[in-house]
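Presented below is the structure to which this report refers.
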Ligand SMILES: NC(=O)c1ccc[n+]([C@@H]2O[C@H](COP(=O)([O-])OP(=O)(O)OC[C@H]3O[C@@H](n4cnc5c(N)ncnc54)[C@H](OP(=O)(O)O)[C@@H]3O)[C@@H](O)[C@H]2O)c1
């Protein structure tokens, strides 16, 4: 049986084993998908050993998404522009690194939520790996404007400069957004994990705007509650993105695209 796993630390909370078990059952494939806790200093050795043992692929979660870049034989364009890898596909001599987070985000917003990004003013809050990972796929949707804003002011400048070849990304800081309005505001910060909200000016939401938090569960609540109170017309957490990025990885591994709606509905229940 082909074997896959999510590697992280911590990883026991991961929903990926359940999601991939449902995908496999749905398309009638027999495979094993587990969650393995791997410390940062064990990652290189573990990937060599697991390759030797015949494993077919992995998902990476915190804290491995950036460190694994240097351990890949080849990288997709998406992994290079994201500066992070969340999916490994087996090669004869090692691992091919890909990043399905951005594609998963765009599919959730455009297809599941039915909110086109084309021609929209889009604001991404945060400048970590997750923010960086969604920028190139958003640019490919041809928004009217794509702004990246962060608490730490130098990171957006650096990211916008490094992705300049892909299109125009406007670097800002959170407090300099005063007076601006956006059609889609995406919280890609980790502030919600501590029950916090990035410090933001009021009235960021244009009429009809979507507020989207990459986090889900309690970590999404501070931003989504604030967005609702600020008049955002629609809100969504990132559970759909989680399922969609998993479906992208499953498709890379198995060449078959699973249905995401029933799995997302089960997770919501
Ligand atoms: N749904 C999904 O499938 C999915 C996929 C990937 C990630 N995520 C979620 O996305 C979030 C970000 O992940 P990441 O990997 O990008 O994390 P990261 O690399 O650690 O970056 C964290 C970002 O959050 C900002 N931040 C943290 N606390 C803040 C606060 N109190 N106020 C303002 N900004 C704050 C940081 O700003 P500074 O630079 O100023 O420190 C930084 O830009 C995580 O919570 C993760 O769980 C979800």
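Quick note: the coordinates plus some simple rules give every number you see, no bench work behind them. Not measured: the values here are computed from a predicted model. Glycine gets a Cβ as well: all are built from the backbone with ideal geometry, and neighbour counts include every protein chain shown.
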With the label point 7 Å along the Cα-to-beta-carbon line of residue 91 and a cut-off under 11 Å to each amide N, the hits in segment 60-77 are 71-76
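Please work out how much length the chain gains when fully extended from residue 39 to residue 267, using 0.36 nm per residue of separation minus the C-alpha to C-alpha distance, in nm with one decimal.
On the way: separation 228, 0.36 × 228 = 82.08 nm, distance 2.78 nm.
Separation in residues times 0.36 nm, less the Cα-Cα distance, equals 79.3 nm.
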Can you bin segment 1-50 into rounded, prolate or oblate? Criterion: square roots of the alpha carbon gyration tensor eigenvalues sorted a ≥ b ≥ c, rounded for a/c under 1.5, prolate for a/b above b/c, oblate for the rest.
-> oblate
Please report the base-10 log of the normalised intensity I(q)/I(0) for segment 37-133, using a Debye sum with one equal scatterer per alpha carbon and no solvent, at each q in 0.20 (1/Å).
-> -0.96
Report, for the chain, the % of DSSP beta bridges that are antiparallel, rounded to 5.
-> 20 percent
So what's the angle, to the nearest 10 degrees on a 0 to 90 scale, between helix 43-52 and the longest Cα principal axis of the chain?
-> 40 degrees
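Of the listed peptides 154-167, 183-196, what is their order by residue-averaged count of other C-beta atoms within 10 Å, with the highest listed first?
Numbers: 154-167: 14.9, 183-196: 20.3.
Packing proxy ranking, top to bottom: 183-196, 154-167.
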Percent RCO, i.e. relative contact order, over segment 5-105, from Cα pairs under 8 Å lying at least 6 residues apart | 25 percent
Residue 157-residue 203 FRET efficiency (beta carbon distance; Förster radius 41 Å; 0.05 resolution) | 0.95
proj_area_mean for the chain (convex hull on C-alpha atoms), units nm², value 13.7 nm²
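Which shape class applies to segment 184-269: rounded if a/c is under 1.5, otherwise prolate when a/b exceeds b/c and oblate if not, where a ≥ b ≥ c are the square roots of the Cα gyration tensor eigenvalues? If you can, show how the numbers build up before the last one.
Details: a/c = 2.44, a/b = 2.06, b/c = 1.19.
Cα axes put segment 184-269 in the prolate bin.
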The rounded separation in angstrom of the Cα centers of segment 228-261 and segment 47-95 is 21 Å
What value, in deg cm²/dmol to 500, does the helix sum -39500 (n - 2.57) over DSSP H runs of n ≥ 4 give at 222 nm once divided by the residues of the chain?
-> -9500 deg cm²/dmol
Take the alpha carbon atoms of segment 99-140, find their center, do the same for segment 170-185, and report the distance between the two centers in whole angstrom.
-> 16 Å
Using the Kirkwood radius over Cα pairs of segment 115-237, the Stokes-Einstein translational diffusion coefficient at 4 °C and 1.567 mPa s, in µm²/s and rounded to a whole number, is 92 µm²/s
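Between residue 48 and residue 111, 0.36 nm times their residue separation minus their Cα-Cα distance comes to what? Could the numbers behind the result be given before it?
Working: separation 63, 0.36 × 63 = 22.68 nm, distance 3.76 nm.
That works out to 18.9 nm of additional length.
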